[in-house]
Amino acid sequence: MEPRIPRALVNADLAVTRYGDLGRRWLDGMWQADPLADAVVNDGFGSSSATAAVRAALAGGIGAVPDAPASLRALFEFLDDEPDWLDHDRLDNAADALIRHTPVMGMVLGAASLVRGAGNEIAGKPLALTGRYVTQPAVRSVEVGEWLRHVIARGGMRRGGEGFAFTVRVRLIHAHVRRGIVASGLWDKDAWGVPIPQPYMAFTMAEFGHICVEAMHTLGVRFTERELDDIYHLWRYVGHVIGMSDELNLRTEADHVLVEELYRLTSPGPSGDDREFVAALTCDYLVPELANLLPGSDRIRKALSLRVIQGLQRVFIGDTDADALRIPDSPLKHVLRRVGPTLALINRIQERRYPDKQRSTARAYKVRDVAMDRMRVDYGVEHDLVDAAPR
């Protein structure tokens, strides 16, 4: 049976020709959201709310929600049943490996992952329709950082861990966004599929997985094969908890790469909203964060930071996609393409100077928390996720 294809998608036939069954699953997935979470937000909770009920069940189990509806019981039956393949030691190993490179990871998530994601106007439409796409990109980045702070932590993704709870909250936020957009009457399902569909959820996992890892490699970070396997194991479980179906949830680096290719192949390209988002993200968040690390006057630091960030964006996503997003060209890109081996050597020297990996890892967690607390103050963010933000 031929898959039904959203009208705005491009190269659908080529997706099937090149990727076979995966291409068909990709196209079919554009009509699939998250039935368990969507059922919860569409259910009735009397004087309470779906958000409050989920938080109560996260804290005290489903028994903490008197008269919990069947939808909530089904969601937590799924969440409380850990998959057979899950290995918490590997999740901890992944967290330790990533935390040791927090400054680089923070930079590439903004300059590579989010910018790569902005190359698809369909994927960006839900955020654009909520009004949070272009406005306050720094606040949104801090929210993502708070989620990552708890996910990338030893024990963070255990059932009682904060990373697990934050990920379930993000899952519910996605469901609320779907419900609100559909109710608004502004969503063209025939053209775009469902809001926040399975394929774009899979791509989001790739943004934090392979896209991030590849960009970190460009900047000199060298993970071992075991560390890489554990990192992909972490994002596989995050995908499971956040509502990914088994059909498209990513297991290996190869899965991440294929999803990235399908995302780009079927994308109609960026919209004006996507271009405005990248410009705002660059000027309002990435440039100030890099400038904080540089010496000199404020004007010089910001001017240099802008050229470095734009150069990195072009290195990470390529000139063709950067042109589509109207990222100004920068001659620095030629230098930045070649810094990886030098930075990798510097990293190896640092590791030999400080061979106590356990101590350096513990220090990295503390440095990350200090940086997050500083950003919350700098950007005036008093909440953690958008479900707790002031109206």
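The values are calculated or read from the model by the stated rules, or taken from the named source; none is laboratory data. Model, not experiment: these values are computed from the prediction. Because the Cβ atoms are built from the backbone with ideal geometry, glycine has one as well, and the counts that use them run over all protein chains shown. Note: areas computed on protein heavy atoms with side chains; ligands, DNA, RNA excluded. Shrake-Rupley method; radii C 1.70, N 1.55, O 1.52, S 1.80 Å.
Name the residue, out of Val168, Val104, Val177, that is surrounded by fewer than 22 Cβ atoms within 10 Å (Cβ to Cβ), closer than 28 Å to Leu294 by Cα, under 17 Å from the mean Cα position of the chain (by Cα) and in contact (Cβ under 8 Å) with a residue 40 or more places away in the chain. Give the steps one after another, and end with the answer.
On the way: Val168 fails: closer than 28 Å to Leu294 by Cα; Val177 fails: closer than 28 Å to Leu294 by Cα.
Within the list Val168, Val104, Val177, the selection yields Val104.
Number of residues in the range 186-244 that are hydroxyl-bearing (Ser, Thr, Tyr), farther than 18 Å from Leu127 by Cβ and out of contact with any Gly (no Cβ under 8 Å at 6 or more places or on another chain) equals 2.
Kindly provide the set of residues from the range 1-43 that are touching a helix residue (DSSP H, G or I) at 6+ places or on another chain (Cβ under 8 Å) and aromatic (Phe, Trp, Tyr), ordered by number.
Correct list: Tyr19, Trp26.
For the range 263-304, enumerate the residues that are of a type in the set (S, T, N, Q), open to solvent by less than 40 Å² (accessible area, probe 1.4 Å) and over 16 Å from Ser141 (Cα atoms). Explain how you work it out, then say what you get.
Let us first name the residues in the range 263-304 that are of a type in the set (S, T, N, Q), namely 266-267, 271, 282, 292, 297.
With the extra rule that they be open to solvent by less than 40 Å² (accessible area, probe 1.4 Å), the set shrinks to 266-267, 271, 282.
Result: Thr266, Ser267, Ser271.
Out of all the residues in the range 359-375, is one or more polar (S, T, N, Q) and open to solvent by 80 Å² or more (accessible area, probe 1.4 Å)? The answer is no, given that none of the residues of the range 359-375 is polar (S, T, N, Q) and open to solvent by 80 Å² or more (accessible area, probe 1.4 Å).
For every residue, the table says whether it meets (1) under 25 Å from the mean Cα position of the chain (by Cα); (2) hydrophobic (A, V, I, L, M, F, W, C); (3) in a helix (DSSP H, G or I).
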position	(1), (2), (3)
Ala303	no, yes, yes
Leu306	yes, yes, yes
Arg363	yes, no, yes
Val381	yes, yes, no
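Pairs are defined by a Cβ separation below 6 Å, a sequence spacing of at least 6 or placement on different chains, a first member in the range 328-350 that is more than 13 Å from Leu312 (Cβ to Cβ), and a second member that is open to solvent by less than 90 Å² (accessible area, probe 1.4 Å); the pairs so defined are Ala344/Gly220; Asn347/Gly220. Residue count for the range 73-87 under the criterion of being in a loop (DSSP other than H, G, I, E, B) and either crowded, with 17+ Cβ neighbours inside 10 Å or among the acidic types (Asp, Glu) (or both): the result is 4. Of all the criteria given as (1) closer than 30 Å to Ile122 by Cα; (2) small (Gly, Ala, Ser); (3) in contact with a Phe, Trp or Tyr (Cβ under 6 Å, 6 or more places away or on another chain), the one not satisfied by Ala57 is (1). In the range 211-227, the residues that are small (Gly, Ala, Ser) reach residues that are open to solvent by 40 Å² or more (accessible area, probe 1.4 Å) with C-beta atoms within less than 6 angstrom, at least six apart or across chains, in these pairs: Gly220/Leu343; Gly220/Asn347.
Residues are listed down the side, and each one gets a yes or a no for (1) assigned to a loop (DSSP other than H, G, I, E, B); (2) on the phi > 0 side of the Ramachandran plot; (3) not aliphatic (A, V, I, L, M):
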| site | (1), (2), (3) |
| --- | --- |
| Leu27 | no, no, no |
| Ala33 | yes, no, no |
| Ala37 | no, no, no |
| Asp43 | yes, no, yes |
| Thr51 | no, no, yes |
| Val54 | no, no, no |
| Leu58 | no, no, no |
| Pro66 | yes, no, yes |
| Ser71 | no, no, yes |
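All of Gly160, Gly131, Gly119 fail the test of being closer than 20 Å to Asp321 by Cα and open to solvent by 10 Å² or more (accessible area, probe 1.4 Å), apart from Gly119. Picking from residues in the range 1-36 that are of a type in the set (Asp, Glu) and in contact (Cβ under 8 Å) with a residue 12 or more places away in the chain, the one that is surrounded by the most Cβ atoms within 10 Å (Cβ to Cβ) is Asp34. Flag not set for Leu114, criterion: open to solvent by 40 Å² or more (accessible area, probe 1.4 Å), hydrophobic (A, V, I, L, M, F, W, C), at pLDDT below 95 and closer than 28 Å to Leu58 by Cβ. If the condition is being in contact with a His (Cβ under 8 Å, 6 or more places away or on another chain) and part of a loop (DSSP other than H, G, I, E, B), then the range 240-264 contributes Gly243, Asn249, Leu250. Residue count for the range 213-239, restricted to those that are open to solvent by 20 Å² or more (accessible area, probe 1.4 Å) and in a helix (DSSP H, G or I): 9.
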